[in-house]
Amino acid sequence: MSIGRVKSTTAKRILVAAVALVLTASARVCLANVVAAEHIPADQVFSMNIHTNRVAAQTITSSAAGEIVSVVLPLWHFEDIDFPPTADLSIELWGVDGSGLPDETDVLANRTVTIAEGNPDSSTLVFHTIDFSADAINLDIGDELAIVALSNSAQGITAWNWTMTFDGNPYGGGEMFVDNLDGNGWIPRINDTDADLGFVLNVTPEPSSLLLLGLTGGLVTLRRRSRKN
């Protein structure tokens with residue numbers, strides 16, 4: 001092989017690597033925060049109270065592959081600001097067991113929404129973005145997950161509220177569950193209605209997928225240039 005051909009081959013490899021990096025970075029920017037699942041209530045007419053005697057959960061199914069970035073939940077307070085919750089709210093991500101129930105033995109991550117963060121005026125529906133990007137939880141299309149809310153706040157007007165729907169348009173990828181901590185375990189949608197809790201699940205595509213996209217694009221670009229030459 002001649003020196004000129006070696007240099008040409010090396011230059012092509014460098015070009016492929018450079019194009020791949022650029023395209024991978026571009027794809028990451030364009031595809032960041034893909035919505036993998038969502039169910040958004042139109043208002044706060046209905047909500048599930050979360051307190052020391054009740055845990056609420058919503059199971060979901062991912063429609064996109066990638067790493068979880070955040071979960072957005074519509075939370076509000078039942079009464080005015082003079083009656084804040086008496087304890088913080090814990091938002092956890094659990095696996096789902098073979099029966100479709102939230103699996104408390106498979107806790108993937110947890111975050112805290114403080115009283116100060118979660119006490120808006122009762123007339124305002126606040127969508128709280130809860131960051132899970134540091135947990136490196138990867139999902140494939142069709143993977144199931146449970147968003148679980150727990151609190152030791154007192155029952156009554158100081159309870160936390162997670163907005164839900166009763167509008168005849170149930171979320172098709174999972175169910176709402178409540179556990180009243182009375183020994184009966186998880187109870188699906190209240191009175192077998194179409195109730196679901198509101199949420200948005202955001203993911204970013206997996207780096208391997210982006211790299212493959214970048215490399216493929218780089219090779220196509222290189223081949224086009226080679227044909228022209």
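Restricting attention to the range 68-97, the residues being more than 17 Å from Ala154 (Cα to Cα), touching a Pro at 6+ places or on another chain (Cβ under 8 Å) and either at pLDDT below 95 or in a loop (DSSP other than H, G, I, E, B) (or both) number 1.
Look through Thr59, Thr52 and report the one residue that is within 19 Å of Asn110 (Cβ to Cβ), modelled with pLDDT of 95 or more and either touching a Pro at 6+ places or on another chain (Cβ under 7 Å) or not assigned by TED's automatic domain parsing to the domain that holds Asp135 (or both). The match here is Thr59. Selection over the range 165-199 of residues that are aliphatic (A, V, I, L, M), at pLDDT 90 or above and either touching a helix residue (DSSP H, G or I) at 6+ places or on another chain (Cβ under 9 Å) or surrounded by fewer than 19 Cβ atoms within 10 Å (Cβ to Cβ) (or both) gives a count of 4.
Taking the stated definitions as given, is Thr112 more than 27 Å from Thr204 (Cβ to Cβ), at pLDDT 90 or above and assigned to a strand (DSSP E or B)? Walk me through how you get there before you give the answer.
Numbers: more than 27 Å from Thr204 (Cβ to Cβ): no; at pLDDT 90 or above: yes; assigned to a strand (DSSP E or B): yes.
No, not satisfied.
Within the range 154-184, the residues that satisfy the criterion of being in contact with a strand residue (DSSP E or B) (Cβ under 6 Å, 6 or more places away or on another chain) and of a type outside the set (A, V, I, L, M, F, W, C) are Gln155, Asn161, Thr163, Thr165, Pro170, Tyr171, Gly173, Gly174, Glu175, Asp179, Asn180.
The number of residues in the range 141-165 that are closer than 16 Å to Ile60 by Cα, of a type in the set (A, V, I, L, M) and not in a loop (DSSP other than H, G, I, E, B) comes to 6. Scanning the range 142-164 for residues that are in contact with a His (Cβ under 8 Å, 6 or more places away or on another chain), surrounded by 23 or more Cβ atoms within 10 Å (Cβ to Cβ) and of a type in the set (Ser, Thr, Tyr) turns up just one, Ser151.
The values are calculated or read from the model by the stated rules, or taken from the named source; none is laboratory data. Everything numeric here is computed off the predicted structure, so don't read it as measured data. Here Cβ is always computed from backbone atoms with ideal geometry, including for glycine, and neighbour counts include all displayed protein chains.
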